[in-house]
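Notes to accompany the following structure.
The values are calculated or read from the model by the stated rules, or taken from the named source; none is laboratory data. These numbers were taken from a predicted model, which means no experiment stands behind them. Every residue, glycine among them, receives a Cβ derived from its backbone with ideal geometry; neighbour counts consider all protein chains shown.
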Amino acid sequence: MYFDTEIRTRRTQPPHNDDGGDSNVSDRLFVFKCPERAFGYSSTRALEDRELVAVEIYIFMNCAELDPYIEEFDSVILQQNPRLIDVQVEKEREKSFPTWLRSRDNEQEEVDPNALEREVESDEEEESPDDEDEFEEDDEDDAELNIS
């Protein structure tokens, strides 16, 4: 038997740290969308290297937005060594995925500085003679306007 939805029970009450704010913020990654409210005294400290690596792996492995990249990484690893079992792939993912993701991102951001120049040159070569005649006629019309 269930109570009316207006009656607060353990099943219907909001989570303990829910401040009532908007938990559907779309510009955050999934792992950071949890409703939360700080309590107690705050303190800050720098994470040790092993803690930072653990946090990074946790975020990468639990972020739904990175699932396509994880699948791509797994397929690359399995292409390099098809005899790996699932446990070995998971260990390799924890060890190498962050580095692979950064290098993949850097490869995509590299831009050939001459690419824009070549694109402009190819556009100039593709112009047809009919287009040039139209521009000349427009120039003649402008010249007539300047005379009067």
The stretch 79-128, residues that are among the charged types (D, E, K, R) and modelled with pLDDT of 85 or more: 83, 86, 90, 91, 92, 93, 94, 95, 102, 104
Which numbered condition residue 138 misses (of (1) surrounded by fewer than 10 Cβ atoms within 10 Å (Cβ to Cβ); (2) modelled with pLDDT under 90; (3) charged (D, E, K, R)): (1)
Test for residue 19: is it over 21 Å from the mean Cα position of the chain (by Cα) and at pLDDT 90 or above: no
Residue check, residue 67 at pLDDT 90 or above and either assigned to a loop (DSSP other than H, G, I, E, B) or not hydrophobic (A, V, I, L, M, F, W, C) (or both): yes
